[in-house]
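Worksheet for the structure shown next.
The values are calculated or read from the model by the stated rules, or taken from the named source; none is laboratory data. The structure presented is a predicted model; accordingly, all values stated were derived computationally and were not measured. FYI the Cβ positions are ideal-geometry reconstructions off the backbone, even for glycines, and counts take in every protein chain you see.
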Amino acid sequence: MPLNKPALANVNPGEPVTAQGWNTIVNGLSDLYDAVLAIGTGVLEVSVQAAGAPVRNAQVVATPGNGGNPIAALPLFGTTTTYKLVGVSPGTWRVFVQAAGFQPKTNDDVTVPATEPVVISLDPAGVVMPDLFGVSAQEAMTRLAGLNLAVDLILDITGHEVSRTTLPPQLVNSPVLLQLPDAGTVLDPTTQRVRLVLAAAIDQVAVVTMPSLIGLTQDEVATVLNQLGLVLGTTTVRSIGE
């Protein structure tokens, strides 16, 4: 309510205060109390969530149900996870929340004072980018295709571009080391694209354990080596003592 200054009378020392003058003082104090109470001294906490996780950088605004000026919440800082609206008065409030990548939401029936934070869950306005770190290249492509997210660039860690249509066999199981955008980002599949960086392919060389060939004839040695996938090369025969 607006605070109006009452008409104030000057009196001389020793003169009595009239009933009208006293009532003016009392009414002025009453109006002052009403105006201060209308400003509000309470705090309303609002927890903005998406899929159970806090949403940062949201805009939270509340307006009194019976009309009045809107109050904007303080932004999150440090480890805080709830938005605080300072200066609310007792009664019913309408809370409006919006955040980039999410559909706006309004709660028309928030009662102040509230003993617990008011929880408002937002729905994505697009597709949430999955966390692909450590996932194999083939599995990452499968997940992105299932979300209708297109990949416009794949690189290995050495900077070489990788085919997006058919992954090279040596990179099928290479883990994803970096993704753009970050996990949790809400994307518009019709306009936004994904980029991936994979670990470089590792050349694997087959190895075998060399068996002992002492005491075997040349034919027996050739047979043992053939079974291991090895080929007997040039042999040199030396007499004992040479």
(request) Considering (1) part of a loop (DSSP other than H, G, I, E, B); (2) over 19 Å from Gly101 (Cα atoms), say which one Gly184 fails and leave the rest. (result) (2)
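Could you check region 117-131 and list, in sequence order, the residues that are touching a residue at least 60 places away in the same chain (Cβ under 8 Å) and charged (D, E, K, R)?
Across region 117-131, the qualifying residue is only Asp123.
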(message) Given the condition in the same structural domain as Gly52 (by TED's automatic domain parsing), assigned to a strand (DSSP E or B) and exposed (fewer than 13 other Cβ atoms within 10 Å of the Cβ), answer yes or no: does some residue in region 80-101 qualify?
(response) yes
(request) Say whether the condition of being at positive phi and modelled with pLDDT of 80 or more is met by at least one residue in region 69-83. (result) yes
(request) Assess whether Leu149 counts as being more than 30 Å from Gly42 (Cβ to Cβ), surrounded by 14 or more Cβ atoms within 10 Å (Cβ to Cβ), among the hydrophobic types (A, V, I, L, M, F, W, C) and out of contact with any helix residue (DSSP H, G or I) (no Cβ under 7 Å at 6 or more places or on another chain). (result) yes
(message) Could you check region 125-142 and list, in sequence order, the residues that are surrounded by fewer than 14 Cβ atoms within 10 Å (Cβ to Cβ) and either in a loop (DSSP other than H, G, I, E, B) or not hydroxyl-bearing (Ser, Thr, Tyr) (or both)?
(response) Asp131, Phe133, Gly134, Gln138
(message) Could you tell me how many of the residues in region 166-191 are under 27 Å from Gly52 (Cα atoms) and either aliphatic (A, V, I, L, M) or touching a residue at least 60 places away in the same chain (Cβ under 8 Å) (or both)?
(response) 11
(request) Go through region 2-24 and give me each residue that's at pLDDT below 80 and either of a type in the set (Gly, Ala, Ser) or under 60 Å from the mean Cα position of the chain (by Cα) (or both). (result) Pro2, Leu3, Asn4, Lys5, Pro6, Ala7, Leu8, Ala9, Gly14, Gly21, Thr24
